[in-house]
Every structure is written in structure tokens, then in C-alpha cells.
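Accompanying notes for the structure given below.
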Amino acid sequence: MSWQVFRKLIFLPLAVGLGACAADGQSNLATHFWQAETAKTERDYRRDQSYCSEMHQVEPTAPITTDSLSFEGYRNCMIERGYVLRTY
């Protein structure tokens, strides 16, 4: 088998596979984040986010629509704790 044939059989599928993985990872990137208006630690944020999620039955890793009552309550809870929802 020649080097050119070997290269096509091995490298092309590998490149396509890696490209698909890279493209797939890009589609799951967050577009919004919470930013504290005053100095807060990462521990403060985790505590506040956890509290608001539990109070309003929002699963941080599950999709949620922004017009749902759960999200509205969660958003208001985070705002009350001094955070602003920002976009990238």
C-alpha cells in the first residue's frame, strides 16, 4: 500500500472525526453568565446559585426556557443576591 493511500485511509477519517468533535463542543458553549455587582467569591456564587436553583426547582444542567415561571423566579433570586445576567 502506498503512503498516499495509507494517508487517505487513516488521516482523512481522523480529521473529519476531530472536526466533528470540535464543532459539537462549540454548540454547547454558554452564551450568558452571572456577574456579581459587588465583590463576591466563587464560594459565594456557588452558594447563591445553588440556593436559587433549589428554591425555584431549576436544574443548572437542564435546558429551561426563559419565559418559564421557574426561570423567572431563579433570575429574580439571583438579582436579589446582587448578580446581573450578562451575555458574551
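Each residue in the stretch 43-61 was checked for being within 15 Å of His32 (Cβ to Cβ) and exposed (fewer than 14 other Cβ atoms within 10 Å of the Cβ), and 2 of them qualify. Looking across the stretch 45-65 at every residue that is of a type outside the set (A, V, I, L, M) and touching a Gly at 6+ places or on another chain (Cβ under 9 Å), the one that is modelled with the lowest pLDDT is identified as Gln57.
Of all residues in the stretch 71-86, which are assigned to a helix (DSSP H, G or I) and over 18 Å from the mean Cα position of the chain (by Cα)? The answer is Glu72, Gly73, Asn76, Cys77, Ile79, Glu80.
The values are calculated or read from the model by the stated rules, or taken from the named source; none is laboratory data. Owing to the predicted nature of the structure, the values given are computational and were not obtained by experimental measurement. Neighbour counts are summed over all protein chains in view; Cβ atoms, including those assigned to glycine, are modelled from backbone coordinates with ideal geometry.
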